[in-house]
Amino acid sequence: MKTVKKAIIPAAGLGTRFLPVTKAMPKEMLPIVDKPTIQYIVEEAIESGIEDIIIVTGKGKRAIEDHFDHNVELEETLMKKEKYDLLEKVNYASNVDLHFIRQKEPQGLGHAVWCARKFIGDEPFAVLLGDDIVKAETPGLRQLIEQYEETESSVVGVQQVPKEETHRYGIVDPSTMEGRRYQVKDFVEKPKPGTAPSNLAIMGRYVFTPEIFHYLEKHQIGAGGEIQLTDAIQQLNDLQKVYAYDFEGKRYDVGEKLGFIRTNLEFALQNEEIGEQVAELVNQLAAEQKVRS
Ligand code: UTP
């Protein structure tokens, strides 16, 4: 069996839900406390055993490449000032071996994954979305890779969401269940409110066999006028089994405003350096707001 050693991180979307900040700043570079979102994702891939990562970028995304590049001036200054702890943090990002490819136009997530096909070749591979952070004891992607190793089949990470939110996600229609793993009848992208076949939502972590590229190759336009990854997964499921795995851990949607603020607050409250002060600040702000209203 071929092992999963390569991962794609699509990060070429326009981030329209975050305008105007995303006009010149990639949303994947927005900070969660002091680290850009995409670094948390790269760290998860590495902790899951991935050896080669390709990031799909696009127009206005240079900051992502710069972040993972050496900044000699900064490193020398930190060295001179003996700020070794900061130097270590800065060096972590620049020591990760990453590859970049451009998606010329943001035609959808399925198209972004297809752009990396030559880098993947004929191997199983992982996809981690550039705006979804997962906090878990066993890294989210590692859990899916373990399922791939058991089944030798593609595995899509899912979690349960409230019924009224199902229209925002790709949803699976499960048949049988074994522990946290489901066999799937159908994958539906953003079902209309009230029509979702379950509340199991696809959550930004995937392991695929390379056959997925046969379907991405078709460039079929789906929901929202985009080339959807979910449509290709549905077609792959007709050829070979695709499982859904309800992974353990907490997933943070950093790609929309409320999710981003919530993630920042939660991570700041858990931060050793500033956590206590942030807790005081939150209480104080809530009290001030109460007096005002
Ligand atoms: P989203 O749909 O959340 O991102 O894609 P978006 O299109 O940038 O955001 P909005 O809806 O306009 O606010 C999930 C991930 O897939 C990437 C995004 O960068 C994000 O990390 N993506 C999306 C691409 O790489 N290319 C695309 O064409 C679309």
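Only the coordinates and a few stated rules stand behind these numbers; no lab work does. Not measured: the values here are computed from a predicted model. Because the Cβ atoms are built from the backbone with ideal geometry, glycine has one as well, and the counts that use them run over all protein chains shown.
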Residue (of Leu98, Leu86, Pro20) at the positive-pole extreme of the range 1-160, dipole from beta-carbon charges: Pro20
Could you compute the net charge surrounding Tyr92? Neighbours are other residues with a C-beta less than 11 Å from the C-beta of Tyr92; K and R count +1, D and E count -1. 0
In deg cm²/dmol, rounded to 500, what helix-only [θ] at 222 nm does the chain give when every DSSP H run of at least 4 residues adds -39500 (n - 2.57) and the total is split over its residues? -10500 deg cm²/dmol
Return the FRET efficiency for the residue pair Gln240, Lys192: r is the Cβ-Cβ distance, R0 is 35 Å, and the value is rounded to the nearest 0.05. 0.75
Please work out the C-alpha center-to-center distance from the range 1-30 to the range 192-256 and express it in whole Å. 17 Å
Going by how many other Cβ atoms sit within 10 Å of their own, how do Asp231, Asp186 line up, fewest first? Asp186, Asp231
On full extension of the chain, what length is gained from Arg102 through Gln289, given 0.36 nm per residue of separation minus the C-alpha to C-alpha distance? 62.8 nm
DSSP-loop trypsin sites (Lys or Arg not before Pro) across the range 34-134, with at most 13 other Cβ within 10 angstrom: Lys59, Lys81, Lys83, Lys104
Under a GNM of the chain (C-alpha, springs under 10 Å), which listed residue has the highest mean-square fluctuation: Met177, Met79, Met25? Met79
Considering only the other residues whose Cβ falls under 9 Å of the Cβ of Arg251, what net charge follows from Lys and Arg at +1 and Asp and Glu at -1? +1
For the chain, compute Rh as the Kirkwood radius over C-alpha pairs and then the Stokes-Einstein diffusion coefficient at 10 °C and 1.306 mPa s; write the answer in µm²/s, rounded to an integer. 79 µm²/s
How do Ile64, Ile54, Ile46 rank when sorted from fewest to most other Cβ atoms within 10 Å of their own Cβ? Ile46, Ile54, Ile64
